[in-house]
1. Within 10 Å of each residue's Cβ, count the other Cβ atoms and sort VAL204, VAL98, VAL129 from fewest upward.
2. Quick one: putting +1 on the C-beta of Lys and Arg, -1 on the C-beta of Asp and Glu, what dipole do you get for the chain around its Cα centre, in Debye to the nearest 20?
3. Working from Cα positions, state the angle (0 to 90°, nearest 10) between the long axis of helix 3-15 and the longest principal axis of the chain.
4. Based on the Cβ-Cβ distance from TYR26 to ALA60, what FRET efficiency comes out when R0 is 22 Å, to the nearest 0.05?
5. Put a dot 7 Å past each Cα toward the Cβ at ARG141 and ARG195; how far apart are the dots in nm?
6. Under the definition of Cα pairs under 8 Å and six or more residues apart, what whole-number percent is the relative contact order of segment 75-210?
7. I need TYR67, TYR171 ordered by Cβ neighbour count within 10 Å, fewest first.
8. At a Förster radius of 35 Å, what calculated FRET efficiency corresponds to the Cβ-Cβ distance of GLU76 and ALA39, to the nearest 0.05?
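Just so you know, all these numbers are worked out from the coordinates, no wet-lab data involved. As the structure is a computational prediction, the values presented were derived from the model and not from experiment. Virtual Cβ from ideal backbone geometry, glycine too; neighbours counted across all protein chains shown.
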Amino acid sequence: MSHADWFQRVAHDLRNPLAPLQTATYLLRSGDIDGEEQARMLEVIDRQSMRLAAMIDELADGLRAEYGRLLGPQTEADLATLAQLAAHSSQAAPVEQVRDEALHVFADDARLLQLLRILRELRLSPDEVLPAPLILERHGRTARLARHLACPDDLLAAPAQLLEVPLPARYCEDSLGLQLPIAAAIARAHGGELRADREDGMLVLVLELPLMA
């Protein structure tokens, strides 16, 4: 995707929430709607405002990643605990730890939560009803997290590209498609790596982070 195409997409995606926001505002100002409809319009404003704010945050994170300015202060963090906390959605992938042991990393815990949330909540195919778990284990001096995802064939053809370029708009209605490139940048900023591969017709995301001594 060229820079011109990318900017055109960003402008289009950021404009999408504006139409329902403007419609809801007009109807509320008109005074011609009843209380039930007013409540519905307020819900539209709330939902679309949050959607717009999330896309702006995503764009800002993409720019910070580009300039290597993603991380804030870093402290010791328990990766297993953060992985359990990292979900807004009830449909997020569950976390399974291979062995019950401490996995401490030196991290910006807010950014690491963001990365883990992407790994747990990402969905690329409507066929994935029950997401496969996010598997967490120690691998030598690193912590390894892996998740298998159902994935459309066109994305599975070049899995490594998913960490470098935005997802096509058809797969991310409420975002700019930068989740995986941002996740990969957060991993690199922590001295780790996020990889994407395919296995048995599924996408496999593997995160490795250095453990504290």
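1. Numbers: VAL204 17, VAL98 11, VAL129 8.
Going from sparsest to densest Cβ surroundings: VAL129, VAL98, VAL204.
2. On the way: 21 positive and 33 negative charges, 100 e Å.
Roughly 480 debye for the chain.
3. 60
4. Details: r = 29 Å, r/R0 = 1.34.
Given R0 = 22 Å and the Cβ-Cβ separation, E is 0.15.
5. Modelled inter-label distance: 1.8 nm.
6. On the way: 244 pairs, mean separation 32.0, N = 136.
Value for segment 75-210: 24 percent.
7. Numbers: TYR67 7, TYR171 17.
Least to most surrounded, the residues fall as TYR67, TYR171.
8. Details: r = 46 Å, r/R0 = 1.32.
Once rounded, the FRET efficiency stands at 0.15.
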